[in-house]
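Quick notes on the structure that follows.
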Amino acid sequence: ATVAACGDNTASTTDSSNESTSKSTPISGDFQGAGATSQQAAVEAWIAGFQGTNPNAKIAYNPTGSGAGVTTFLTGATAWAGSDKALSDDDIAKSKAVCASGQAFDVPVYISPIAIVFNLKGVSDAGKHINLDATTAAKIFDGKITTWNDPAIQDQNKDLKLPSTPITVVHRSDKSGTTQNFVSYFKDQAPDAWTYDLSENWPNEVGQGAKGTSGVISTVKQADGTIGYADFSQVGDLGTAAIKVGDSYNEISAEAGSKVIEDSKLDDTAKGENRVVVKINHATEAKGAYPIVLVSYDIVCPAYKDTKQAEFAKAWLTYVTSDEGQKAAQDAAGSAPLPSSLTSQISKSIEAIKTK
Amino acid sequence: MGQRIDVNHENIYYGDFLAVEDVNINIEANKVTAFIGPSGCGKSTVLRTLDRMHELIPGAHVEGEVLLEGKNLYDKDVDPVSVRRDVGMVFQRPNPFPTMSIRENVLAGVRLNNKHISKSDADDLVEWALRGANLWNEVKDRLDNPGIGLSGGQQQRLCIARAVAVHPQVVLMDEPCSALDPISTLAVEDLINELKDDYTIVIVTHNMQQAARIADYTAFFNLKAVGQPGHLEYFADTTTMFNNPQNAEAERYISGRFG
Amino acid sequence: MGQRIDVNHENIYYGDFLAVEDVNINIEANKVTAFIGPSGCGKSTVLRTLDRMHELIPGAHVEGEVLLEGKNLYDKDVDPVSVRRDVGMVFQRPNPFPTMSIRENVLAGVRLNNKHISKSDADDLVEWALRGANLWNEVKDRLDNPGIGLSGGQQQRLCIARAVAVHPQVVLMDEPCSALDPISTLAVEDLINELKDDYTIVIVTHNMQQAARIADYTAFFNLKAVGQPGHLEYFADTTTMFNNPQNAEAERYISGRFG
Amino acid sequence: MAEETKKKNLDGAPVIDFDKFRPTRSSEQYRKGKDIFMSGLIALAFVIACIPLVSVLWTTIVNGFKRLNLNFLTYNMTGVVGGNPTPSGGYGGVLHAIIGTLEITGGAMLISIPIGIMCAVYLVEYAHGGKLAMTVSLLVDVMSGIPSIVAGLFAFSMFTIVFGPGTINGFEGSVALSLLMLPTVVKSCEEMLKIVPNDLREASLALGVTKQRTITKIVLRTALPGIVSGCILAIARVIGETAPLLMTAGYIASTNFNLFAGQMTTLPVYVYQEYSKLSANCPANATAACVPTIPMERAWAAALVLIVVVLVLNLIGRLVAKIFAVKTER
Amino acid sequence: MSSQDKTALAPSGGKTADKVFRGVAYACGILILVVLAAVFLFLFFRAWPLIGGDQKANSDVISSFTGGKVSNFWGYVLPLLFGTVLISILALIIAFFVSIGIALFISHYAPKKVATGLSYVIDLLAAIPSVIYGLWGGLILVPAIYPFWNWVANHLGWFPLFAGPAANPQRTVATVAVVLAVMVLPIITSMSRDIFLQTPTLQQEAAYGLGATKWEMIKLAVIPFGRSGIVSASMLALGRALGETMAVLMILSPSVTGYSIKILQASQSNAIASNIAAQYPEANDLGVSVLIGTGLILFLITFIVNFVARKITEKAGA
Ligand SMILES: Nc1ncnc2c1ncn2[C@@H]1O[C@H](COP(=O)(O)OP(=O)(O)OP(=O)(O)O)[C@@H](O)[C@H]1O
Ligand SMILES: Nc1ncnc2c1ncn2[C@@H]1O[C@H](COP(=O)(O)OP(=O)(O)OP(=O)(O)O)[C@@H](O)[C@H]1O
Ligand SMILES: [Mg+2]
Ligand SMILES: [Mg+2]
Ligand SMILES: O=P([O-])([O-])[O-]
């Protein structure tokens, strides 16, 4: 017997059919997750979709950030955590105390290309892209290239007339998975131009910092000559850079992001059972691939002290990683679908969740 | 019946400053005793120790005894609150409660002590007290107006009404008429005369005629020099004080009379 | 030389309430004029219109003329600030500036015009004013102490010193002695006597003896009933007023004398 | 006799040349000029301050009105996906956040106002500037400097220790907010109690009224309008807090009435979360009803609601203050 | 009159109530100490790994915060502290004079009706949440104020504080200080207005009676009376500015580390509270300890500021 909750928008609105993957017995109860902000839009869609088949499940996701999400998960207060980076060895060790048996594992659920966005009179407002290779981009973001008509940029964009406007780099001011995924591309592809340690913090004092993706986007919009990076879904009408892959410059798109993951291997340094951790192959030469992507994981236990939680976790991951779930995320957040190369790995891990 | 007060060897300090020194005085029951003396000699200070009001000033303290009908007010087991219920006080500056109407001001002493009185008793009490303070005719039509809407003189009379409304045993008055016009002063003096049948009255006044008119006994306080403690110079019945004082200082002070 | 004040057909309102009606009075230069009358009849109100102090009360306004040496104080081009410089005022309750020392209080008025007066001039002025208010001997050793540390009577004398220190043409006093002891009162009355050689003095007093003693002219204000406007009932030179008043109300009021 | 005293009076007084102190034309001019100049400056200060203040209000009102409608006020955020409309025809709403704000702030009030008032009573009526009181009032000052985010961490850890790790609920937010409210309540009440003239306390005590009744019925009563407006200021101080609530009360899309269990969204957190989303995705095949800018529009609308809630609280406070006001007019 | 038959000094009723009330008041006073001690102990306890923990791990965490620039705690926190104080003091300076002006305008210049309306608006503004100021500052003010700061940088750039070139967008200390000034302005205004309105009429009349102009009256009577109120209002405002999180977080382009007074350039300074908010969500356990350590420093600095302010007030009062 459910009392219609106050102010709820009737949840059974997803136009998706109910016949697919989900189990015969619907899940019910209160379930909580917390973690990466990047997943928020997707999770909203997933919750709506999941509740379509399990109307008595009340799910809340608190986008506190990956770090806080994992910390909370490790206290046992949440059923799952969303995180922009894979678990550390330390976290794995700690998880033994929380999981009923075994240790926590992570599976990729959300892949999103990271765009290099810019605002330049005469270029971005005319709807044009610019072409950049890894080294040039790294130099721009390191403050080594300071004007838009610098030969390094101009040479790659013969068809554009670039002004001498100074470049204002806009980066995240908060600790961010987006930042880490973004600069790891430079670190792999332009190690000479980008010498900083890999970190979730922006490492230099070039340009301006802004809080959150929303801060970066609004800052880029506020002045001429700005360049920044942001989740693809937030780009709006700003200009984006096409990135040099092999010999061609590939524009950003969800599918292009998927391609690089397809061309990537699992990270074999990630120790622990059931883990599916992607080592992004930034050096990909795959046709049409866009190499700067963010992979975000869901972290769960193989066994829970409360079987209800286990049932939920299993059903949740099953739905989220299904085609239907990925499609919902793509619509809601503009994310890239999980490549088929990963799905069997993922299903195997999900099967490991004990519900008895 | 009013009660007598005996003050024995009283020293009063403000912190370390000895404001008044060695006061000994016997205040008769059902009489009016007036305190006179130059400004700063400690009249108000002594008066306030008679109902322990000085204790509200941080650092102020008293040595010696003040006996109310033989019982020392400063004994350990005495509650200053009950002292003040028995010994009422009227102040130099009118201080009606600003949140209360005229009527509520008069009833404040009764009501604030959580006593319940019937409406008719309350009405009687209000009328009795206001008439006594010669204010009834001026305010009877606006008893529910705020007390601070009155003129200064009216406010002071309201305060007197408020003090007598609790029927204390002793009433202390610190220059109660200094803000009053002659007609109101006359009414208050009449009231004092009337009250002394039931209560003991102690009044500080600058107005020697007033003291001569209403007091049975008069205490003359003096001050050797500024910064020195004040002291009780001379205490006598009023006739003696004004006609034949046995004290040179008092005589000098009184013969400079003019008020 | 002091200046004369002529009040013609003055009505004074507090908002819509007509507090005082149709006052006509000629206040002679270099004389002392006393205002007497029952509480609430509007003495203070009229006094305050003589230096436009009533304008500080929101809603208070005046109809009619007040001529200071023939010049209407209420003319459009007259600055109330300069009116108040020429017409000084002493209030019923002492009001020294609490953050200032005794010395600074006395100098407050003078400093407004003379930012940089020499130390010796300032010292002289302070001494002159404080002696005039009979306060010098009591405070000369602690001129740098705060003014509010003094007793009530001392504070009022300090305020008088402060007012006379700016050497105004006219001095208005609203019951200046009501908080003073006889000795201080005497000193202030002497000061008034002395000041009238140079200034015009208007004083509100409840004390008819005081009026009789110091005033050259006396104005008797009255009030038909509470809630009705006050008015000037009778104006005469002091001898006539107290010995042979040509007005029944005034006679009644004065014969009830006792203060 | 009178002659004698008179002589004695000004005996030895220096002779003063008052012409020296007469106002000169230039000094009068200067003073008048200064008066006008300062009046001008004061009016100017007012005008300068008006620019940003009006701008803040104007921006919020203009942007907020776009999405502020009944639907927005009567639905929460469950089932809202991307920029798509919900079955009710709206785009999600703030009902859950309004309820969360009222409950959490209400909880904070219940904790801090009684304690704050009693602490002010202690400081003004009982302590008389003793050592303990000096320390307390110093620490109240210090407390007013506690960054809100630290208050949040404090409440979070306290609940973690007492009720187990990962505890997040509305009451935890109330505790964090009350820590922020308390010093404001104490300080404004203290100021208001100090302003109550001592005359009134003396008058009451002299009537033989106990100290407790004097304080409750005279002192607090007289200071009531000030205390009410002080408390409103304190509520205003915390009703818009975001950072501490992010970690203590959390964020949830559905309505939660239970202050003591489950996460709760408040209006400021809602505003911040919607601002963080910035824009919603509308896939290529989406209908025209999909609004990509909806998160920012919701943020502004919620900001407007927040301001209106504050306005209503203010009105209530004023009404209370007026009913109990010290009547000074005749 | 009824006869009086009560005994002298009879024990009065309400004595227990009196005692209980007094006890509660004392308890609430002491509770302040307890709460503060609890907060302090908690912060200290959570920051303990910084002192008592593995120093190698500590410097690793701090390095990860700063991109390897700094690896010890003091090197991390002192620039933050400098930025916090710089921003707050600038905000207070901007707000102070304007607030006092408005307060006087309301209390002594504006006609009563206008004044009532104005105070109402001011009270309301005090209640506008910082997240709204953050929105407004970040989205409206930053682009709008650029021409002005640019002008300042071009014309007053010789003054180190205003050294150019002015950053565009203006997500700088200068802009944040303006926003914080707007935020704290209602606090100072409404508190000092309340105090100014309480100036005893007698004092004001005394000043007018001496022939003072309105401004002189204010200097003689209103300001001295309100002085301690003004100081405590300013302290409250400074406290709020020092601890402000969201508005700074949403507007300022922070530096990683380092000291700078170039308030018109971006990425020059950072503030403690907003830094905690920016780093906390992604920080690990030890990272949180570091952040709480910085919170503890902020706590201490507000302690010192308020302590000094107290001494000033006390001196003025004496
Ligand atoms: N609260 C106080 N703290 C310190 N000293 C005080 C205080 N009140 C009064 N005094 C001092 O105690 C002495 C006696 O003062 P008190 O007010 O009793 O005199 P008084 O005779 O009533 O004078 P007045 O006629 O002016 O009212 C004076 O020297 C005065 O300065
Ligand atoms: N600020 C005010 N607002 C409204 N009415 C006032 C105000 N001040 C005085 N009044 C009224 O004006 C009338 C005259 O008052 P005023 O104070 O001038 O009398 P007074 O003769 O000086 O009395 P007292 O001898 O008591 O000082 C009274 O009815 C009084 O209630
Ligand atoms: Mg006295
Ligand atoms: Mg009067
Ligand atoms: O998802 P973020 O970690 O980049 O905020």
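The values are calculated or read from the model by the stated rules, or taken from the named source; none is laboratory data. It should be emphasised that the depicted structure is a prediction, and the values quoted were computed from it without experimental measurement. Methodologically, a virtual Cβ is constructed for each residue, glycine included, from the backbone with ideal geometry; neighbour enumeration extends over all protein chains shown. For accessibility, only protein heavy atoms count, side chains too; no ligands or nucleic acids. Shrake-Rupley method; radii C 1.70, N 1.55, O 1.52, S 1.80 Å.
Of note:
- Every residue from the range E:83-105 that is more than 8 Å from chain D (Cβ to nearest Cβ) and open to solvent by 10 Å² or more (accessible area, probe 1.4 Å): E:Val85, E:Leu86, E:Ile89, E:Leu90, E:Leu92, E:Ile93, E:Ile94, E:Phe96
- Scan of the range A:155-200 for residues that are touching a residue at least 60 places away in the same chain (Cβ under 8 Å), in contact with a strand residue (DSSP E or B) (Cβ under 7 Å, 6 or more places away or on another chain) and closer than 20 Å to E:Ile276 by Cα, ordered by number: A:Gly177, A:Thr178
- So B:Ala187, is it out of contact with any His (no Cβ under 8 Å at 6 or more places or on another chain) and surrounded by 22 or more Cβ atoms within 10 Å (Cβ to Cβ): no
- Within the range D:212-270, the set of residues being among the small types (Gly, Ala, Ser) and more than 8 Å from chain E (Cβ to nearest Cβ) comprises D:Ala223, D:Gly230, D:Ala234, D:Ala249, D:Gly250, D:Ala253, D:Ser254, D:Ala261, D:Gly262.
- Subset tally (residues that are touching a Gly at 6+ places or on another chain (Cβ under 8 Å) and among the polar types (S, T, N, Q)) for the range E:67-98: 0
- Unmet criterion (only one of (1) open to solvent by 30 Å² or more (accessible area, probe 1.4 Å); (2) at pLDDT below 90; (3) in contact with a helix residue (DSSP H, G or I) (Cβ under 8 Å, 6 or more places away or on another chain)) for E:Leu156: (2)
- Qualifying residue in the range C:174-181 (condition: in a loop (DSSP other than H, G, I, E, B), of a type in the set (D, E, K, R) and either out of contact with any Gly (no Cβ under 9 Å at 6 or more places or on another chain) or away from ligand 3 (no atom under 16 Å from the Cβ) (or both)): yes
- Of all residues in the range B:203-225 being open to solvent by 10 Å² or more (accessible area, probe 1.4 Å) and part of a strand (DSSP E or B), the one that is farthest from B:Ile5 (Cα to Cα): B:Leu223
- Test: residue in the range B:191-202 that is closer than 17 Å to B:Leu47 by Cβ, modelled with pLDDT of 80 or more, within 16 Å of ligand 3 (Cβ to nearest atom) and surrounded by 18 or more Cβ atoms within 10 Å (Cβ to Cβ): yes
- Pairs with Cβ under 6 Å, 6+ apart, first in the range A:133-148 and without any contact (Cβ under 8 Å) to a residue 60 or more places away in the chain, second surrounded by 23 or more Cβ atoms within 10 Å (Cβ to Cβ) and part of a helix (DSSP H, G or I): A:Ala138/A:Phe186
- Qualifying residues in the range C:230-259 (those that are part of a loop (DSSP other than H, G, I, E, B) and within 14 Å of another protein chain (Cβ to nearest Cβ)) - the one nearest to ligand 2 (Cβ to nearest atom): C:Gly259
- Criterion violated by B:Leu47 - all others in (1) at pLDDT 90 or above; (2) surrounded by fewer than 20 Cβ atoms within 10 Å (Cβ to Cβ) satisfied: (2)
- Within the range C:144-167, being within 13 Å of chain B (Cβ to nearest Cβ) and away from ligand 2 (no atom under 16 Å from the Cβ) holds for C:Asn145, C:Gly149, C:Leu150, C:Ser151, C:Gly152, C:Gly153, C:Gln154, C:Gln155, C:Arg157, C:Leu158.
- Test: residue in the range A:69-85 that is open to solvent by 50 Å² or more (accessible area, probe 1.4 Å), within 16 Å of E:Gln279 (Cα to Cα) and without any contact (Cβ under 8 Å) to a residue 12 or more places away in the chain: yes
- Looking only at the range B:1-49, and only at residues there that are within 20 Å of B:Pro80 (Cα to Cα) and among the aliphatic types (A, V, I, L, M), the one that is nearest to ligand 4 (Cβ to nearest atom): B:Leu47
- Filtered by the rule that a residue be within 10 Å of D:Leu304 (Cα to Cα) and surrounded by fewer than 16 Cβ atoms within 10 Å (Cβ to Cβ), the range D:59-89 gives D:Ile61, D:Val62, D:Phe65.
- Listed by position, the helices (runs of 4 or more DSSP H) enclosed by the range E:200-256 that each have at least 1 residues that are open to solvent by 20 Å² or more (accessible area, probe 1.4 Å) and at the interface with another protein chain (Cβ under 7 Å from one of its Cβ atoms) are E:201-209, E:214-217, E:223-243.
- Residues of the range E:41-76 classified as of a type in the set (Val, Ile, Thr), crowded, with 18+ Cβ neighbours inside 10 Å and not in a loop (DSSP other than H, G, I, E, B), total: 3
- Checked against (1) surrounded by fewer than 22 Cβ atoms within 10 Å (Cβ to Cβ); (2) away from ligand 1 (no atom under 16 Å from the Cβ), B:Gly88 meets all criteria but (1).
- Summed over the range B:38-57, the residues that are outside any helix (DSSP H, G or I) and either more than 14 Å from chain C (Cβ to nearest Cβ) or within 6 Å of ligand 1 (Cβ to nearest atom) (or both) give a count of 8.
- Answer from C:Thr238, C:Thr205 - the residue that is at pLDDT 85 or above and within 20 Å of B:Thr205 (Cα to Cα): C:Thr205
- Single residue of A:Glu324, A:Glu351 found to be within 14 Å of chain D (Cβ to nearest Cβ), in contact with a helix residue (DSSP H, G or I) (Cβ under 9 Å, 6 or more places away or on another chain) and open to solvent by 20 Å² or more (accessible area, probe 1.4 Å): A:Glu324
- Residue check, D:Asn314 open to solvent by 10 Å² or more (accessible area, probe 1.4 Å) and either over 30 Å from A:Ser214 (Cα atoms) or more than 8 Å from every other protein chain (Cβ to nearest Cβ) (or both): no
- When the residues of the range C:163-181 are filtered to those that are over 13 Å from the mean Cα position of the chain (by Cα) and open to solvent by less than 10 Å² (accessible area, probe 1.4 Å), the one that is farthest from ligand 1 (Cβ to nearest atom) is C:Ala165.
- Some residue of the range C:221-228 being under 20 Å from B:Ile254 (Cα atoms), in contact with a Gly (Cβ under 7 Å, 6 or more places away or on another chain), within 12 Å of ligand 2 (Cβ to nearest atom) and within 11 Å of another protein chain (Cβ to nearest Cβ): no
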